[in-house]
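The values are calculated or read from the model by the stated rules, or taken from the named source; none is laboratory data. Given the structure is predicted, the values throughout are model-derived calculations rather than measurements. Because the Cβ atoms are built from the backbone with ideal geometry, glycine has one as well, and the counts that use them run over all protein chains shown. Areas reflect the complete protein model, heavy atoms only, side chains present, ligands, DNA and RNA absent. Shrake-Rupley method; radii C 1.70, N 1.55, O 1.52, S 1.80 Å.
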Amino acid sequence: MIQARTEQEWVSEYVKGKKHPLPVVLGTRGTWTGNGKPMIILIGFTIEDVLVLGDIYGASHHPVREMKKKQITYYAINIIDRKKVKEIIEEWRGP
């Protein structure tokens, strides 16, 4: 059975035991959704990291969310444009 997790739950689990967690790109398998539509979420643990991810994925013009949960602060950018999400998923699949 697949367990659905929120973004905050996923990030909390990801950072456990890591002194310096690396930035991540959620949704590259096409399984992350918002309102029933596939989406990509760029997550960085510094504002600079998430802005660099935004540049890499052509989303630097998207708003950055600052998220705080317990002792964790991270920054996120949502990519919801269907064409862009599909493009990123294909890029991660490779040839």
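Descriptive notes on the structure:
- Simple spin-label estimate for ILE89 and GLU13 in nanometres, 7 Å along Cα-Cβ: 2.0
- Cα gyration tensor category, rounded, prolate or oblate, for segment 1-53 with a/c compared to 1.5: oblate
- Think of each Lys and Arg Cβ as +1 and each Asp and Glu Cβ as -1; about the Cα centre, that makes the dipole of the chain roughly 340 debye.
- Solvent-accessible area per residue for the chain (1.4 angstrom probe, square angstrom): 71
- Given charges at beta-carbon only (K, R positive; D, E negative), |dipole| of segment 44-95 in Debye: 340
- Stretch gain in nm, segment ASP55-VAL25, where the contour uses 0.36 nm per residue and the Cα spacing is subtracted: 9.5 nm
- Ordered from highest to lowest accessible area with the whole protein assembly present and a 1.4 Å probe, LYS16, LYS69, LYS37 read as LYS16, LYS37, LYS69.
- Student exercise, segment 1-55 dipole from Lys, Arg, Asp, Glu Cβ charges, in Debye to nearest 20: 240
- Per-residue HN-Hα couplings for segment 69-78 [Karplus 6.51, -1.76, 1.60; θ = phi - 60°; Hz; x = Gly/Pro]: 9, 6, 9, 9, 10, 9, 10, 9, 10, 8
- Listed pairs LYS16/LYS84; LYS19/LYS70; LYS16/LYS68; LYS16/LYS69 exceeding 22 Å between Cα atoms: LYS16/LYS84
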